[in-house]
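> Input: one structure, supplied below.
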Amino acid sequence: MLKNNPVMKKLVETGEERVGKLAQQLLSNEKFVSAVQSLVSGSLAAKGTLDSALRSALSAMNLPSTADVEQLRSKVDDLERLLASVESKVDALVSQKSPAKK
């Protein structure tokens, strides 16, 4: 109902136009862009510091990090593939030797 209303359409178009102009003005303002860049850089640096501190805390408590768990999972997957390969080779050898015994 509201989508077909011409007044609502005009309000939405006007709102979109004004938001577009505001965004254009903000992005053309060097101080604003610089402030956003500083904010993003500071946030990334804080995240890096937090991640490092968290890894140290987990290590001090002798708890694995997500990376440690993923590395272990990868090794387990490799071992499972190797075991499946060995199992299939053993089965092939057993099947080759079984007819000879009969």
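Rule-based calculations on the coordinates, nothing more; no lab input. Since the structure is predicted, the reported quantities are computational estimates derived from the model, not experimental observations. All Cβ positions, even for glycine, are placed from backbone atoms using ideal geometry, and neighbour counts span all protein chains on display.
> Find the residue count for the stretch 46-66, including only residues that are of a type outside the set (S, T, N, Q) and at positive phi. Working first, answer last.
So in the stretch 46-66, the residues of a type outside the set (S, T, N, Q) come out as 46-48, 50-51, 53-55, 57-58, 60-61, 63-64.
Checking the rest, the ones that are also at positive phi come to none.
Of the residues in the stretch 46-66, 0 are of a type outside the set (S, T, N, Q) and at positive phi.
> Here's a follow-up. Would you be able to say whether some residue in the stretch 32-45 is among the small types (G, A, S), farther than 30 Å from T66 by Cβ and surrounded by 10 or more Cβ atoms within 10 Å (Cβ to Cβ)?
Step one: list which residues in the stretch 32-45 are among the small types (G, A, S), which gives 34-35, 38, 41-43, 45.
Those still in the list that are farther than 30 Å from T66 by Cβ too: 34-35.
Within this subset, residues satisfying the condition of being surrounded by 10 or more Cβ atoms within 10 Å (Cβ to Cβ) are 34-35.
Yes, the conditions are met somewhere in the stretch 32-45.
> Here's a follow-up. Taking the condition hydrophobic (A, V, I, L, M, F, W, C) and either exposed (fewer than 11 other Cβ atoms within 10 Å of the Cβ) or touching a strand residue (DSSP E or B) at 6+ places or on another chain (Cβ under 7 Å) (or both), does V7 pass?
Numbers: hydrophobic (A, V, I, L, M, F, W, C): yes; either exposed (fewer than 11 other Cβ atoms within 10 Å of the Cβ) or touching a strand residue (DSSP E or B) at 6+ places or on another chain (Cβ under 7 Å) (or both): yes.
Yes; evaluated as a whole, the condition is true for this residue.
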